[in-house]
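The values are calculated or read from the model by the stated rules, or taken from the named source; none is laboratory data. Everything numeric in this text was worked out from a predicted model, so none of it was measured. Here the Cβ positions follow ideal geometry from the backbone for every residue, glycine too, while neighbour counts run over all protein chains shown.
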């Protein structure tokens, strides 16, 4: 898709484009607004919608979700105190909960599942976890110890850096973060749910409890209609047995050192089971990182868990010399080579959720809030998640021409690298921000209303 086709522009066209995009935002948020209107005063409902528009327009990497800053964006800077009070009243209002936002997100995910089923595509529910870091803060009783993802990324070995920092992992205060997205075999993902949890304080829980609750919810909602995709962080017999009990199809990347039972009933590490097996087929697939075509071999081997008799299949994808193969575990029967490739291609779509963490942390400043109350902080972060979901919504095929116009006129970039990006979310948010700042659409909050 070309994101930079030339289109006519001018002051009047900019005003029309700005109003059109605001109308799409209102339409996208209508289910959330309607749900909130049954629970809260209409003034607080308008505040929630205006807050999401302010996040899209004015976000800042370090301070984009501070209430005192966002309050100055709802109205004029002289009325920043009133805007901040309005946002605080919204977040601390007892008539609604964070689950009201999650219900809307699950409904959007259900609509995406039905659309993919209508198109005849396989529907994937991709899971992944991350951390929400507050490295310089110890004030909140909710913070627990998390491994810094940023420090881990900076310490990664790179070409020309022969001696990266070594030693124990860097631990910082923060929260754990779990996310689920619905994806097909192409196009943009849809956020189904995001959850923050801690192992410390009054809201302490465990990863097993959080994941089991999410699994139960997904199983009740979709059953076997979607295939769950998990990375190595979920690899373990207990989690596989939970998926089997829930009756959901899945693809789980198994750790090569974890043991399984082979055809003869002997326990071996996954790497040892596949070592003597020749690839049954080959395909040229595109590496999501290097964008180069690589030759991938695949082999499927029947296995079982050490402590559970249910038959499983270990699909091994050899992704090139010098790279660790993918050891993919599934309960779906592998009858043909096409079934094995379907497992490999499903796991290859897991990279979509990595973009969720990257954009939310760097572009929408998810780690910047300074809200002490757990429920209020969760509401603010989920409202920001709706802002991210709207950016994904703009990439839907029916809005393709609108997206092209917005990117060309307000965040034009040259070069093949920019034009080949499938999900230009950074450019899209910047273009939207610049447009709404240059040609402000009508405000959602009438000045005559008080703080509610």
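Descriptive notes on the structure:
- Counting the residues of segment 221-238 that are in contact (Cβ under 8 Å) with a residue 40 or more places away in the chain and either surrounded by fewer than 17 Cβ atoms within 10 Å (Cβ to Cβ) or closer than 19 Å to residue 122 by Cβ (or both) gives 11.
- Number of positions in segment 162-206 that are at positive phi and over 22 Å from the mean Cα position of the chain (by Cα): 2
- In segment 385-442, residue surrounded by the fewest Cβ atoms within 10 Å (Cβ to Cβ) [restricted to those that are outside any loop (DSSP other than H, G, I, E, B) and modelled with pLDDT under 85]: 416
- Evaluation of residue 75 against (1) crowded, with 21+ Cβ neighbours inside 10 Å; (2) closer than 24 Å to residue 376 by Cβ (one fails), failing number: (1)
- Residues within segment 74-91 that are within 27 Å of the chain's Cα centre (by Cα) and closer than 25 Å to residue 136 by Cβ, tallied: 3
- Taking the criterion of being without any contact (Cβ under 8 Å) to a residue 24 or more places away in the chain and more than 24 Å from residue 346 (Cβ to Cβ), the only residue of segment 251-264 that qualifies is 264.
- Residue 246 out of contact with any strand residue (DSSP E or B) (no Cβ under 8 Å at 6 or more places or on another chain), touching a residue at least 24 places away in the same chain (Cβ under 8 Å) and surrounded by 14 or more Cβ atoms within 10 Å (Cβ to Cβ): yes
- Filtering segment 28-42 to residues that are outside any helix (DSSP H, G or I) and surrounded by 15 or more Cβ atoms within 10 Å (Cβ to Cβ) leaves 40, 41.
- Of all the criteria given as (1) under 20 Å from residue 378 (Cβ atoms); (2) surrounded by fewer than 16 Cβ atoms within 10 Å (Cβ to Cβ), the one not satisfied by residue 60 is (1).
- Those residues of segment 274-285 which are farther than 18 Å from residue 322 by Cβ and either in contact with a helix residue (DSSP H, G or I) (Cβ under 9 Å, 6 or more places away or on another chain) or modelled with pLDDT of 85 or more (or both), in sequence order: 277, 278, 280, 281, 283
- Sole exception among (1) crowded, with 20+ Cβ neighbours inside 10 Å; (2) touching a residue at least 24 places away in the same chain (Cβ under 8 Å); (3) in contact with a helix residue (DSSP H, G or I) (Cβ under 7 Å, 6 or more places away or on another chain) for residue 175, by number: (3)
- Residues within segment 198-220 that are in a strand (DSSP E or B) and touching a residue at least 60 places away in the same chain (Cβ under 8 Å), tallied: 1
- Residue check for residue 107: farther than 28 Å from residue 173 by Cα and either surrounded by 20 or more Cβ atoms within 10 Å (Cβ to Cβ) or in contact with a helix residue (DSSP H, G or I) (Cβ under 9 Å, 6 or more places away or on another chain) (or both): yes
- Within segment 74-88, residues that are at pLDDT 90 or above sit with their Cβ atoms under 8 Å from residues that are surrounded by fewer than 18 Cβ atoms within 10 Å (Cβ to Cβ) and part of a helix (DSSP H, G or I), at 6+ positions apart or across chains, in these pairs: 84/68; 86/43.
- Residue list for segment 43-74, restricted to those being in contact with a helix residue (DSSP H, G or I) (Cβ under 8 Å, 6 or more places away or on another chain) and assigned to a loop (DSSP other than H, G, I, E, B): 59, 60, 61, 63, 64, 65
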